[in-house]
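Structure first, commentary second.
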Amino acid sequence: LRADLNDSKKSITQLRASISDMQSRVDNAERKTQALTNAVKTQNNIINECYVKIGTKKQLADAGLLKGGFLKKVNYQDVEKSKFNAVDIRRFREVTLKSSNPKILTPQPSNRSYHFEDNGDGTCTLVITNPTQFWSVSNFLIIQL
């Protein structure tokens with residue numbers, strides 16, 4: 001009986017060591033999972049971040065976003081994210097503009113990805129109806145008022 005008792009004590013000690021090892025592995029796996037979850041969240045935010053700049057022709061030219069003479073074009077060489085407002089495309093679906101005739105200067109697809117709604121008070125609202133298509137060409141949006 002004493003031999004059996006000693007053997008069972010050894011078995012209990014081995015089981016405790018095994019449980020401790022398993023708990024350590026679980027803790028390590030939880031840390032790795034949390035790190036991966038954080039990385040995916042960060043990547044998701046980066047993927048869904050786009051940049052918007054709205055202004056008059058003069059404001060856009062002063063910001064260095066337009067080049068050329070009379071017919072100014074977007075200056076893609078000097079596009080810096082710091083000159084824009086960052087938006088999350090999952091939430092940015094419309095914006096009210098203080099103009100009745102705004103122009104989108106960046107190459108956003110116009111075939112049913114957006115439209116303008118006249119508010120009747122000299123303003124209009126840009127409504128993005130298909131965000132995936134709207135942001136498919138460029139993650140920058142420049143609107144001239």
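The values are calculated or read from the model by the stated rules, or taken from the named source; none is laboratory data. Nothing here was measured: the structure is a model prediction, and the numbers come from that model. A quick note on method: Cβ atoms are made from the backbone with ideal geometry, for glycine too, and the neighbour counts reach across all protein chains shown. These area figures cover heavy atoms from the full protein model, side chains too; ligands, DNA and RNA do not enter into them. Shrake-Rupley method; radii C 1.70, N 1.55, O 1.52, S 1.80 Å.
Just one of the listed residues (LYS10, LYS58, LYS41, LYS32) is among the charged types (D, E, K, R), closer than 15 Å to GLN144 by Cα, assigned to a helix (DSSP H, G or I) and out of contact with any strand residue (DSSP E or B) (no Cβ under 6 Å at 6 or more places or on another chain), and it is LYS58. On inspection, SER110 qualifies as out of contact with any Lys or Arg (no Cβ under 9 Å at 6 or more places or on another chain) and not in a helix (DSSP H, G or I).
Residues that are open to solvent by less than 50 Å² (accessible area, probe 1.4 Å) and closer than 14 Å to ILE128 by Cα within the stretch 92-110 comprise PHE92, VAL95, LEU97, ILE104, GLN108, PRO109, listed in sequence order.
What is the residue count in the stretch 116-140 for residues that are part of a strand (DSSP E or B) and either within 16 Å of ARG93 (Cβ to Cβ) or open to solvent by 70 Å² or more (accessible area, probe 1.4 Å) (or both)?
Restricting attention to the stretch 116-140, the residues satisfying the condition of being part of a strand (DSSP E or B) are 116-118, 124-128, 140.
Subsequent filtering for residues that are either within 16 Å of ARG93 (Cβ to Cβ) or open to solvent by 70 Å² or more (accessible area, probe 1.4 Å) (or both) retains 116-118, 124-128.
Residues that pass the stated criteria total 8.
You will find that of ILE47, ILE89, the residue that is of a type in the set (A, V, I, L, M, F, W, C), surrounded by 10 or more Cβ atoms within 10 Å (Cβ to Cβ), closer than 24 Å to PRO131 by Cα and touching a helix residue (DSSP H, G or I) at 6+ places or on another chain (Cβ under 6 Å) is ILE89 and no other.
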